[in-house]
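Comments concern the structure below.
The values are calculated or read from the model by the stated rules, or taken from the named source; none is laboratory data. Here the structure is a predicted model, which means the values were calculated and not measured. Ideal geometry is used to build each Cβ from the backbone, glycine not excepted, and the neighbour counts take in all protein chains shown. Protein only, heavy atoms only, side chains kept; ligands, DNA and RNA dropped before computing areas. Shrake-Rupley method; radii C 1.70, N 1.55, O 1.52, S 1.80 Å.
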Amino acid sequence: RSLKSFLFLYISLGRNQGSLSKLLVTNYQKAAQFSVKSQIPPGTGLGSSAAYNSSLVLAFLVHNLSFLISQPDFFEIEGIIGDNNELTPYGLDLVQKYSFVCEKFMHGNPSGVDNTVATYGNIYTLND
């Protein structure tokens, strides 16, 4: 299931043909190798899949944006990265939304709490 998440993100964010990549980078590709190491045991209800998915979304965003961020006149790309080179609230929302789709690949009908906590941090409650 984690491979489905990876492939979805690769198609959506990792290639120049993805819907978001038109906002990020045009005519620019570079090789990357992704490696995942975690101390959160899978299948224990501790949100390991949400941590994996949120990290993977962020990795693809950083991979695509790293060239542009290094440019001397770079300040903002469509509101995703601010002038302090940190994700804007919109950028965090983007990570959360893509990681939620990945959670659907892994769990079918997730609550959205795990990926929200993995993206924004803090403690959240689920209201009916």
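Assorted remarks:
- K97 paired with Y124, simple spin-label distance in nm, labels 7 Å along Cα-to-beta-carbon: 1.4 nm
- In this simple spin-label approximation, L3 and F34 carry label points 7 Å from Cα along the Cα→Cβ vector, and these lie 1.4 nm apart.
- A 1.4 Å probe over all protein chains sorts I81, I11, I123 by accessible area into I123, I11, I81, starting with the largest.
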